[in-house]
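The values are calculated or read from the model by the stated rules, or taken from the named source; none is laboratory data. Quick caveat, the model's predicted, so the values are computed rather than measured. Please note: Cβ atoms are built from the backbone with ideal geometry, for glycine as well, and neighbour counts cover all protein chains shown.
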Amino acid sequence: LTAHPAVAQAAVLVRDGRRLLAYAVPCPGAEPGPAELREHLALRLPAYMVPDTVLTLARLPLTPNGKPDLAALPDPGPAAGSGYVAPRTDAEQLVTDLWQEVLGVPRVGVFDDFLALGGDSLLVTRVAARIRAGIGLDIPIRDVFESSTPAALAARIEALLIAEIDALTEEEAAGRLSG
């Protein structure tokens, strides 16, 4: 985070055992927005390491010995998304239903982030297993981590299914030519 040219100081912490929060103090005269800072991080870090919330502060609170006082950092409240967007395809509906069940949340929109909703590596494994059991698709756990929204994961599932269909079609065509 401090590699961003507009950030003078930063602190990152985990709240509630799951939410990754970042706090940034801008350089004098700079005003980086949370979306800009998240994008900066997303280009440099794996998706699971990008904080779901980035707050800018005038200064970091300090302990009496001059170190950042992480306990005094403000709590941003519940993770805020960009608004609920309902599933638009069958694949998105499958993923949002699955996430609601695995995460124990009442509603998941297609642009909600898995980690921001409380997901972790154990729950990613459960998602992959339930996809395998539900539709017979062996999706790599890494794909679930990297596709951190239902829209992205649904697109990945559709791409993998199309690749499987294409492979079967090629095998069938090769069988007809050799037979």
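When we screen Glu101, Glu92, Glu31, Glu39 for residues that are assigned to a helix (DSSP H, G or I) and under 26 Å from Pro5 (Cα atoms), the only hit is Glu39. Looking only at residues in the range 70-93 that are modelled with pLDDT of 75 or more and of a type in the set (S, T, N, Q), the one that is farthest from Glu158 (Cα to Cα) is Gln93. Looking at this structure, is Gly17 assigned to a loop (DSSP other than H, G, I, E, B), on the phi > 0 side of the Ramachandran plot and modelled with pLDDT of 85 or more? Taking the combined requirement at face value, the residue does not satisfy it. Considering the conditions (1) modelled with pLDDT of 85 or more; (2) under 15 Å from the mean Cα position of the chain (by Cα); (3) closer than 20 Å to Leu21 by Cβ, Leu60 is excluded by exactly one of them, (2).
The residues in the range 94-114 that are surrounded by fewer than 19 Cβ atoms within 10 Å (Cβ to Cβ), at pLDDT 90 or above and among the aliphatic types (A, V, I, L, M) can be counted, and the count is 2. Count of the range 17-34 residues, restricted to those that are touching a residue at least 24 places away in the same chain (Cβ under 8 Å) and either among the hydrophobic types (A, V, I, L, M, F, W, C) or closer than 19 Å to Phe114 by Cβ (or both), is 8.
Every residue, every condition in (1) of a type outside the set (A, V, I, L, M); (2) outside the structural domain of Ser147 (by TED's automatic domain parsing); (3) closer than 25 Å to Arg142 by Cβ, yes or no:
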residue	(1), (2), (3)
Ala22	no, yes, yes
Pro28	yes, yes, no
Pro32	yes, yes, no
Leu41	no, yes, yes
Met49	no, yes, yes
Asp52	yes, yes, yes
Leu57	no, yes, no
Leu60	no, yes, no
Gly66	yes, yes, no
